[in-house]
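*Asks:* Dropping the structure in here first, questions after.
The values are calculated or read from the model by the stated rules, or taken from the named source; none is laboratory data. Because the structure is predicted, anything quoted here is derived from the model rather than measured. Counting neighbours? That spans all protein chains shown, and the Cβs are built from the backbone with ideal geometry, glycine included.
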Amino acid sequence: MSPAYPGTVTSEEVDRATTTIAGDGLLATLAPIWQIVIGGCVLVCLVAASVRLARRGRSRMTTALLVTAAAVVSLAVIGVLTSGR
């Protein structure tokens with residue numbers, strides 16, 4: 001067996017690279033599933049919060065909508081300012 005020179009790739013390094021690529025492929029396959037699970041949890045929480053807020057009355061709904069609109073606009077402005085464009 002020849003000595004490993006700087007810049008040459010050993011068989012162990014090739015095996016590690018292959019394992020990493022296979023692991024990345026597995027994560028790429030699982031990613032959409034986890035996005036659906038997280039989206040479902042967010043949807044359940046949103047529905048529960050909306051029902052509770054609707055029971056509290058009209059004035060609280062108006063305030064909640066205004067606060068939510070302000071939060072959305074603020075997050076959009078922060079996103080634009082930090083995007084570097």
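*Asks:* If you scan region 51-72, which residues turn out to be of a type in the set (G, A, S) and either modelled with pLDDT of 85 or more or in contact with a strand residue (DSSP E or B) (Cβ under 8 Å, 6 or more places away or on another chain) (or both)?
*Replies:* S59, A64, A69, A70, A71 - these are the residues of region 51-72 that are of a type in the set (G, A, S) and either modelled with pLDDT of 85 or more or in contact with a strand residue (DSSP E or B) (Cβ under 8 Å, 6 or more places away or on another chain) (or both).
*Asks:* Show the residue pairs that are 6+ apart or on different chains and have beta-carbon atoms under 7 Å apart, the first residue being within region 62-80 and closer than 18 Å to V51 by Cα, the second being modelled with pLDDT under 95 and surrounded by 10 or more Cβ atoms within 10 Å (Cβ to Cβ).
*Replies:* A64/L53
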